[in-house]
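Working notes, structure below.
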Amino acid sequence: MVNTCQLQVPVVDGDFISQSATTQLQNGEYIKVPILIGCNFDEGASFASESVNTDAEFTAYMESVRFGVANSSVLDTLSVLYPDIPAIGIPAILHGRPAAAPGGLGLQFKRASSIIGDALMHAPRKFMTEIWAANNLTSYSYRFNVVPNGVSYSFGADHFKEVAFVMNNVKGDGYVQKGGVDPFADKLESFKGLVKLITRM
Amino acid sequence: MVIVVKSVEWPVYGAVEGQNYVFDANVTGLGYVEPDLFRAEAMQYWMDNLVTLFGR
């Protein structure tokens, strides 16, 4: 079987996943413990298509990641909720409209990044913290908005960028050894200050 | 330059108003508390329809 889906997401298989996680949360079928949960501002930039130039391609992109499963009214609604306005898309620090694909990230890259990040991460996070709150359970929510050293500003504070901070890895252990760059090299002292703040909370 | 890191506390996410702690090395104090209202209309649409429309 050839998997043509761009994303790997949980599906109900009746074995490992018995039913919709959303339904389980709504029915109170989860462990009642305090949680700390959050996302990076620009998670979506890590997963977005880099070939969306037009409205039609944006709609095709939404269909390809199975938003609303071929329901045109849903896709129309999402197109309105996520308009083609680069200034309100993500990453915010990627100013203006990205260059057209191929070659550039796509004229509507910031729109595509915004919707995929919300669908996969930000909305489910909010869904969980609202459920916790409604049931008098303790949750703490964060948003992380820092671009470490060695990362293109085009992708902003995208996926995984918080890890060196929350793990107190101010020496950047592992990054260089694995062929990457030290996330703290040449950065402001405030970066290490932020590590202190995060790991003391 | 010495960065003085103050002690901060997590806001508990409330039922009436949820709040996020935002981490940002480029702001004074390195972070701040915000009401959880970014892209609120779109977030509500996702949350209201996770099962029925999005099969989640």
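Since every read-out is calculated from the coordinates, none of them should be taken as a lab result. The structure displayed is predicted, hence computed values, not measured ones. Cβ placement follows ideal geometry from the backbone for every residue including glycine, while neighbour counts extend to all protein chains displayed.
When you check B:Tyr45 against the structure, is it surrounded by 13 or more Cβ atoms within 10 Å (Cβ to Cβ) and farther than 17 Å from A:Asp118 by Cα, yes or no?
Criteria not met by B:Tyr45.
Please work out if B:Gly29 is part of a loop (DSSP other than H, G, I, E, B) and at positive phi.
Yes.
Considering only residues that are of a type outside the set (Val, Ile, Thr) and surrounded by fewer than 18 Cβ atoms within 10 Å (Cβ to Cβ), look in segment A:32-45 and name the one that is nearest to A:Met201 (Cα to Cα).
Here the answer is A:Leu36.
State which residue pairs qualify: first residue under 30 Å from B:Gly14 (Cβ atoms) and more than 7 Å from chain B (Cβ to nearest Cβ) and inside segment A:131-154, second residue among the polar types (S, T, N, Q) and crowded, with 18+ Cβ neighbours inside 10 Å in any location, beta carbons under 9 Å apart, and separation of 6 or more residues or different chains.
Listed pairs, sorted by first residue: A:Ile131/A:Ser139.
In segment A:181-201, what residues are surrounded by fewer than 20 Cβ atoms within 10 Å (Cβ to Cβ), closer than 15 Å to B:Asp24 by Cβ and among the hydrophobic types (A, V, I, L, M, F, W, C)?
Hits for segment A:181-201 are A:Leu188, A:Met201.
Quick one: count up the residues across segment A:100-124 that are of a type in the set (S, T, N, Q) and assigned to a helix (DSSP H, G or I).
The total comes to 2.
For segment A:7-29, which positions are surrounded by 13 or more Cβ atoms within 10 Å (Cβ to Cβ) and either over 22 Å from A:Tyr142 (Cβ atoms) or touching a residue at least 24 places away in the same chain (Cβ under 8 Å) (or both)?
A:Val12, A:Ser20, A:Thr22, A:Thr23, A:Gln24, A:Leu25, A:Gln26
In segment A:155-166, which residues are within 11 Å of another protein chain (Cβ to nearest Cβ) and touching an Asp or Glu at 6+ places or on another chain (Cβ under 8 Å)?
Once the filter is applied, which keeps residues that are within 11 Å of another protein chain (Cβ to nearest Cβ) and touching an Asp or Glu at 6+ places or on another chain (Cβ under 8 Å), segment A:155-166 yields only A:Ala157.
What are the residue pairs meeting all of these: first residue in segment B:34-56, first residue at negative phi, second residue of a type in the set (D, E, K, R), Cβ atoms under 7 Å, and 6 or more apart or on different chains?
What qualifies is B:Pro35/B:Glu17; B:Asp36/A:Lys126; B:Ala42/A:Asp118; B:Met43/A:Asp118; B:Met43/A:Lys126; B:Trp46/A:Asp118; B:Met47/A:Lys126; B:Leu50/B:Arg56.
Quickly run through segment A:85-124 and pick out the residues that are free of Cβ contacts under 8 Å to residues at least 40 places away in the same chain, within 14 Å of chain B (Cβ to nearest Cβ) and charged (D, E, K, R).
Hit for segment A:85-124 is A:Lys110, nothing else.
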